[in-house]
1. Only counting other Cβ atoms within 10 Å, I'd like D201, D100 sorted with the fewest neighbours first.
2. What would the Debye equation give as log₁₀ I(q)/I(0) for segment 182-268 at q = 0.12, 0.23 Å⁻¹, counting only Cα atoms as equal point scatterers?
3. Report the normalised scattering of segment 87-152 as log10 I(q)/I(0) at q = 0.24, 0.28 Å⁻¹, calculated by the Debye formula with identical scatterers on the alpha carbons.
4. Checking the a/c ratio against 1.5 first, then a/b against b/c, what shape does the Cα gyration tensor give for segment 7-173?
5. List the relative contact order of the chain as a percent without decimals, with contacts defined as Cα pairs under 8 Å and 6+ residues apart.
6. Under 8 Å for C-alpha pairs, at least 6 residues apart: give me the relative contact order for segment 182-268, rounded to a whole percent.
7. Non-local amide H neighbours of G61 (under 5 Å, H modeled in plane, Pro and chain starts lacking H): which ones?
8. Would you mind ranking H146, H157 so that the residue whose beta carbon has the fewest other beta carbons within 10 Å leads the list?
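Quick note: the coordinates plus some simple rules give every number you see, no bench work behind them. A quick note: this is a predicted structure, and the numbers were derived from the prediction, not measured. Heads up, the Cβs are rebuilt from the backbone with ideal geometry, glycines too, and the neighbour counts pull from every protein chain shown.
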Amino acid sequence: MPYLTQLADVARRTGHPVTEVAGWKTRGHGPQPEVQGLVCHHTAGPAGGGDYPSLAVVRDGRPGLAGPLSQFGLGRSGRIYVIAAGRCWHNAPSTSPLHDNSSSLGIEAENSGGQPWPEVQREAYVRLCAELCREFGLAASRVKGHKEVNTAKPDPHSINMNDFRAAVAAIIGGTTPPQPSWTEKIVRELPMIGLGDDNQDVKTVRGCLFARGQVPAAAYASVPNGLRGWLETALCDAGLVTLIRNFQQAQGIGVDGIVGPVTWPTLLRV
């Protein structure tokens, strides 16, 4: 089997945004010999913000283990990173001959190993596995957690793999999932906004919060130029994070103080 240069096209069939990491089509420890299974991982990366801070490690490796370490990365926002088209060092020793490095593809999902899984990331995880099963003619039973095919590993943490496979099977057995509307695509491409970010998208967040009646006068009372100055501030500071958290709580969505793929649609009312 040659380098799997169709992987980005397969990922796009999920409807989630895709980033092709430079050089991915020729990256690997030689070509991928075959695809008999899929192995789901978590990165055990940093617990702080960012969509996929583990990219460099998955792409380039770590001391004692050369990269690439997985064909795919999966960001907290549901963005899929296509990292390699060849063989990757993602599961060894394997307890299953169908899920070793030469026989399977790996997906490294961003998670510290103890954090809650964002709903959009879980959805992208299931859909990516389903589309890969379709591409390579695999049953949902061929999707395994790293913890199921390597006795020394705990990942992906807190995910019941039987439930996960049932969700994959439901997609495989159904029709092709509906493609997102153009507005949904735009929202999915918006960046995650959190504490310390300084850009024009922060102004959009401020304007939307104000339009939704979520900005009390006290928030801008001491700001130069008052409300206008507050709206034109491009820095996401602690005060804005508090307002974001208040908005999330009021809307009944995950309260994390970050405007991402779950909060953006509610904020924009898409």
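1. Values: D201 17, D100 21.
Lowest count first: D201, D100.
2. -0.32, -1.17
3. Log10 I(q)/I(0), no solvent term: -1.20, -1.33.
4. On the way: a/c = 1.14, a/b = 1.04, b/c = 1.10.
Rounded is the answer for segment 7-173, as its axis ratio a/c remains below 1.5.
5. Values: 508 pairs, mean separation 49.0, N = 270.
About 18 percent, as a whole number.
6. Numbers: 98 pairs, mean separation 35.4, N = 87.
Relative contact order comes out at 41 percent.
7. Those lying under 5 Å, H to H, from G61 are G67, L69.
8. Working: H146 23, H157 15.
So the ranking, lowest neighbour count to highest, is H157, H146.
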